[in-house]
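No value in this document is a laboratory result; all are computed from the given coordinates. Note that the coordinates shown come from a computational prediction; the quantities given were computed from them, not determined experimentally. Neighbour counts run over all protein chains shown; Cβ positions are idealised from the backbone, glycine included.
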Amino acid sequence: MPVLDIPTEIARLQLGAVGQRMKELETAWDIALGLYRPAQGELTPPPASPAGQEAFARIVQRVGSYGPRVLATLVNAAVGDVNWGGDSRRLDRVLSFQDLHALARGLAEDYVVSGVAAGYVYSPDGVTPRIGRIRGYVQAYLDPEDSDRVTGLYQAVQVMRGSPPRTGYQVRVWDLEERVARVWERLQSPTELARAPDRVVEGVVPRFRFYALHESGAPLSLFLQNLPMFLDLYTSDLYLARVEELSAYPIPVFGPETEVQRIGPGLPIRGEFRWERPGDLEELRRQRREKLERLRDAFALPGGFLGNDSPSGEALREANVRFYQQAQAIARAISGLLTELVADYARALGEEPVPVTVSPANAGRMAEVAQTVAFLYEKGLLPLRVAARELQPFFPTWSDEELEEWLQRQEGLVTPEQVARLLGGGEG
């Protein structure tokens, strides 16, 4: 049996563009973490003069990325609470030490930026199991007979070794059918897999969720799909910052026969002289606002989130609905992944698997529902009993018995206007 079945034409084609995709993923993570700094000539024409090069170095330090804000908003909305079922006190105790909330946030970040959230259960000391994340560049091996069936994972991690430090790669190929991971160390290229692996780890099964997959098995993500928008917006910010710097002061313009030694208060100038005022920057700023709006729409973020003009009325409600739907989709993906990881973890401990649920944060949703319920009740379109039942889930300490007792006291005594004011829907 061959060491690995990947030296096939299909596998070679699938791995052919790994180097370029790793660079794109590195850029996406730099943008998401606010670490991206373009080189001269990368986004704009390279400066031709020393003064232009100095100006570029200054501007790059001032222009920031919207990536951290976008990432934090998506993850904060998707990962609110993490809960699990079952009645095993031992499993409850060990899971509490695992900090599933932090694990869920990390997996959600991987899912949004890299396009794949993955992990596995392993035992570093051979005794105590742990849940670990699979990071780096992760690509799927697809069954040539069924492109929806993933048969393995290819994982490449860039590492620095030696003195002076040199870039190398560690590659793992996870075989789902044989339940083994083959590991190559100190590779010069991420696809240099012709030789035998340095080690083979048996009995490991990765669990994963892909946001989307290219036909080659390469992952797609929200950040990767919208990477050109981030770079386009960054380019506009560079241009705008440079023009603002040049326009900070009026420019003196001298005629052909002007005699001047110095320019200052009370100093005479003989000849033709005038100040050239900076031009109007509103057009550049308008283009930047339009790009911000396209970026907000691409990520289904709440209206006005990036500082651009907030939509109103129906457009605002639609934007918020899309945002909540996206947060729920991310939460569902991470819930399914964590359920599989915790099941493997529980089996390693000799316990029964339990379901894990990741609930989206509902603070914004709660405010919107409360506002809608108050509006409908104020207009007489919603009975008091129905309105109270709709709001009860947002108040966990409000039991069914207490709610029923409150309704019996209030029905026939309260007006819609009073309840609307109580819920913040009217003037007080």
message: If each residue of separation counts as 0.36 nm, what is the full-extension length gain between Arg347 and Ser189 once their alpha-carbon separation is subtracted?
response: 53.2 nm
FRET efficiency, Glu54 to Leu33 (Cβ-Cβ, R0 30 Å, nearest 0.05): 0.65
field: Inter-label distance, nm, simple model (7 Å from Cα along the C-beta direction), Arg322/Thr128
entry: 4.7
message: So if I take the centroid of the Cα atoms in the range 97-156 and the same for the range 227-248, what is the distance between those two points in Å?
response: 37
- prompt: So for the pair Trp275, Asp143, with labels modelled 7 Å out along Cα→Cβ, what separation do we get in nm?
  reply: 7.6
FRET efficiency, 1/(1 + (r/R0)^6) with R0 25 Å, evaluated for Arg179 and Ala102 via beta carbons: 0.35
task: Rounded, prolate or oblate: pick one for the range 127-239, where a ≥ b ≥ c are the square roots of the eigenvalues of its C-alpha gyration tensor, a/c under 1.5 means rounded, and failing that, prolate if a/b is larger than b/c, else oblate.
output: oblate
- prompt: Among residues other than Asp87 whose Cβ falls under 14 Å from its Cβ, what is the net charge (Lys/Arg +1, Asp/Glu -1)?
  reply: 0
field: FRET E, pair Glu244, Asn76, Förster distance 35 Å, beta-carbon r, rounded to 0.05
entry: 0.60
task: Taking 7 Å along the Cα-to-C-beta vector as the label spot, tell me the Leu407-Arg389 distance in nanometres, rounded to one decimal.
output: 0.6
- request: Report the net charge of residues surrounding Glu109, where surrounding means a beta-carbon distance below 12 angstrom and charges are Lys +1, Arg +1, Asp -1, Glu -1.
  value: +2
